[in-house]
1. Out of curiosity, is Phe433 within 13 Å of the ligand (Cβ to nearest atom) and touching a residue at least 12 places away in the same chain (Cβ under 8 Å)?
2. When region 543-556 is examined, which residues are found to be within 12 Å of the ligand (Cβ to nearest atom) and surrounded by fewer than 22 Cβ atoms within 10 Å (Cβ to Cβ)?
3. Report whether or not Gln212 is open to solvent by 20 Å² or more (accessible area, probe 1.4 Å) and at pLDDT 85 or above.
4. Could you please find all residues in region 141-183 being closer than 24 Å to Ala23 by Cβ, of a type in the set (S, T, N, Q) and crowded, with 21+ Cβ neighbours inside 10 Å?
5. Just to verify a result, which residue in region 502-537, among those that are open to solvent by 30 Å² or more (accessible area, probe 1.4 Å) and assigned to a loop (DSSP other than H, G, I, E, B), is nearest to the ligand (Cβ to nearest atom)?
6. Can you find, within region 481-525, the residue that is farthest from Thr436 (Cα to Cα) among those that are over 35 Å from the mean Cα position of the chain (by Cα) and small (Gly, Ala, Ser)?
7. Collect the residues in region 374-419 that are in contact with a helix residue (DSSP H, G or I) (Cβ under 7 Å, 6 or more places away or on another chain), over 16 Å from Asp506 (Cβ atoms) and away from the ligand (no atom under 16 Å from the Cβ), keeping them in residue-number order.
8. Pairs under 6 Å by beta carbon, first residue of a type in the set (S, T, N, Q) in region 288-313, partner part of a helix (DSSP H, G or I), six or more apart or different chains?
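The values are calculated or read from the model by the stated rules, or taken from the named source; none is laboratory data. Everything numeric in this text was worked out from a predicted model, so none of it was measured. Please note: Cβ atoms are built from the backbone with ideal geometry, for glycine as well, and neighbour counts cover all protein chains shown. Just the protein is used for accessible areas: all its heavy atoms, side chains included, with ligands, DNA and RNA removed. Shrake-Rupley method; radii C 1.70, N 1.55, O 1.52, S 1.80 Å.
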Amino acid sequence: MLVNKRLLQLTKGNRVRLAGVTALLFTATASYWVQAWFLAHALAALVGLMQGTANPDGGPGGPLLTPLAGVLACGMARLVLLQFHARLAGTLGSAVRLELRRSLAERLLQPDRLRDTSDRSGARRLALSEGVDGVDNYISNYIPHAFQLQLVVPLLLLWIAWFNPMLAGALFLAVAVAVGAPKLWGKVLSARGQRHWDSYEALSADFLEALQGMRTLKILHAVPRIRDKLNRRSQELHRATVSTMRTSLVDTALADLGIQAGMLAAAALAAYSVLNPGSTPAATPATTYFLLMLASEVFRPVRDLARQWHAGYLGLSALGSIDAAGGTSQTTPARKAPFRHEPGAAVGLPESLRLEDVSFRYSSEDPWVLHNASAEFHRGSLIALAGPSGSGKSTLFDLLLGFLNPDSGSITMDGRPLVPADISVVSQRSYLFPGTVRENFSMVAPAATEGRMQHVLAAVGLAGELQPDGLDTRLAEAGGSVSGGQLQRLAIARALLVDRPVLLLDEPTSALNQQLAAHVLTGLREVARDRIVLMIAHRPEALAAADTVLRMDAGTLYPSNQPKAAQL
Ligand SMILES: Nc1ncnc2c1ncn2[C@@H]1O[C@H](COP(=O)(O)OP(=O)(O)OP(=O)(O)O)[C@@H](O)[C@H]1O
């Protein structure tokens, strides 16, 4: 009744360990009762000694020695029992944790799950880490305590009823309040616990994605927006945490109310028995003390379980997330459709980008990557940058982007220094965020209209391919649900939405077949009417499609002999 069935099912295969943990807990608790019995007799003997009614045969303090030795022995035995309990609970927890992580990881790595567009790594990471830890806590700590409560309390109440039925009745009522009242509150608590977990999951997923996509976010100048989003998530989590803590305070207060009421009733009835020796069947001083202590023992499992509140709440909240991690997968929509092309969108009109005697090397020990290199790139023509591997093409892009600073020389646009805000870029490692195509676009261009988004999709030949959902097509993390070529074109489309006078592309057709490459290059030639477009290119068709080809070699940039392609 106090234990969640789904979480209990997870102990399958570890039931013996669970029974062992519960038994050790129960035995440790029972040691308090035996100790109470010895203590009650020690107290009775002490009172007897003080009143001079104790049996003198035991010598001075003799009647006290046996019960006090019993009290000590119980304390020692409990220490040992609790040690064993802690060890076995640890073993149970780690067995459950390992098994759960193994099975979740196995299910998450199934090919259909890997293509699931609704999966977010941050959420799954949370399920696999904190979620599984929460379940471990629930199983190794909360469940044994809940079992103990259900076993111990009825047993103790029966025992007390044998001595004093009225006291047992009063205690039963108090336990019912202490355990039952928070249960009434339980729905609110679990709803708030769930909200807390959901906020935590959302923050965790957003945070991981922001880290993975940081380079892209920086290049596309979207870091401040993502920072604001993470701040909002973090505030939501804070509010959810505070609201859960408030609910738990009420929960604790209700349980304490029951415990205090029960203790008061026990004390009152015990006092009544002492004052009226004939009122109960066995009202010797020792049994009265024992009953008083036993009455307080009825509440020990309630208090112990309340202490496991956090473990219980965390395990329950994590359940939804664990279920989602191991649940059924969704299939991605089919996307194969006819290819079509529409012209790109108009942007501001820059004229030229100029490098003048630019020199750069990574350190004074390294060779020059660029040495007094000069070049001028104009709007209106698609420019390709070629050169052997290691000749410095990526370094030149990093210099244009402002990630690196030239050791000498200048980079200007229309007579003024080039700044990062002039540039949008499509790198080879472009990152697509989980969510819809529209969300990916809005992230870098919040003001872009529907028409504009459709326009850039068409410019890269994706308008037809993304049917039937179009801009609402869902993307898995890092573009895992689309082909390499579609990912590359989506990244180009996204960069086109960022209205900047310079567009840099690192091998924009590397993942495309010849036909698609031709379409994209035609689109880029059109885009180049309004922007300065510079692409790193190796493939012959990309070089052939370019209006101008510049070669990089030995730190210098020079025009290629490559004949200009008039048409694709
Ligand atoms: N961070 C770095 N520190 C030191 N040297 C570097 C660093 N990055 C690149 N280099 C060196 O600078 C030179 C130019 O590298 P770069 O990556 O710009 O060449 P690339 O033309 O883009 O090569 P590829 O076509 O293989 O990508 C190479 O010799 C490379 O080893």
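1. Details: within 13 Å of the ligand (Cβ to nearest atom): no; touching a residue at least 12 places away in the same chain (Cβ under 8 Å): yes.
So Phe433 does not fit the description; no.
2. Within region 543-556, the subset within 12 Å of the ligand (Cβ to nearest atom) is 551-555.
Those that are within 12 Å of the ligand (Cβ to nearest atom) and surrounded by fewer than 22 Cβ atoms within 10 Å (Cβ to Cβ): Arg551, Asp553, Ala554, Gly555.
3. Taking the combined requirement at face value, the residue does not satisfy it.
4. Residues satisfying the conditions are Asn141, Gln148.
5. Glu507
6. Only one residue tops the list, namely Ala518.
7. Correct list: Met413, Leu418.
8. Final answer for the pair search is Thr288/Ala270; Thr288/Ser273; Thr288/Val274; Gln308/Asn141; Gln308/Tyr142; Gln308/His145.
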